Amino acid sequence: MSPGQKAYASYSLAVAGKTYDGMPLLDWWQLNAATKAGWAAAENTPAVKPWWKSKTLWVNAVVLALAAAESQLNVLQGALPGGLFTWLAFGLPVANAALRFITSTAVGKS
């Protein structure tokens with residue numbers, strides 16, 4: 001099985017053998033040469049996901065929003081016990097590192 005066939009077979013499995021409009025996908029042997037070449041090239045393209053599916057970006061966005069609100073309202077530091085605010089600030093890079101280890105797909109245009 002060629003790399004293009006493997007990529008097409010993987011895609012076919014992921015979409016349950018159906019196109020976006022519910023029609024069945026063609027078999028590999030039914031595809032024209034240009035389409036087969038495209039699938040072969042796609043095999044060498046790293047997988048990407050849209051930014052809104054990134055756990056790391058969502059965690060950072062939430063922390064950024066809370067930090068911006070805190071800089072104006074000064075509510076959290078007074079409401080949180082002891083050095084918890086400091087620990088939260090310390091925890092962000094730790095959370096980013098943890099998310100980086102479980103991330104398997106780059107963010108980009110899909």
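Coordinate-derived values only; no laboratory data. The model shown is predicted, which means the values in this text are computed figures rather than measured ones. Here the Cβ is made from the backbone with ideal geometry for all residues, glycine too, and neighbour counts use every protein chain on show.
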(message) Return the residues of the stretch 1-52 that are within 30 Å of residue 95 (Cβ to Cβ), in contact with a strand residue (DSSP E or B) (Cβ under 8 Å, 6 or more places away or on another chain) and outside any loop (DSSP other than H, G, I, E, B); say none if nothing qualifies.
(response) 48, 49, 51
(request) Please work out if residue 57 is touching a residue at least 40 places away in the same chain (Cβ under 8 Å), in contact with a strand residue (DSSP E or B) (Cβ under 9 Å, 6 or more places away or on another chain) and part of a helix (DSSP H, G or I). (result) yes
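Please tell me if residue 92 is surrounded by 13 or more Cβ atoms within 10 Å (Cβ to Cβ) and more than 30 Å from residue 2 (Cβ to Cβ).
Values: surrounded by 13 or more Cβ atoms within 10 Å (Cβ to Cβ): yes; more than 30 Å from residue 2 (Cβ to Cβ): yes.
Yes; evaluated as a whole, the condition is true for this residue.
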(message) What's the total number of residues in the stretch 27-64 that are loosely packed, with under 14 Cβ neighbours inside 10 Å and over 21 Å from the mean Cα position of the chain (by Cα)?
(response) 8
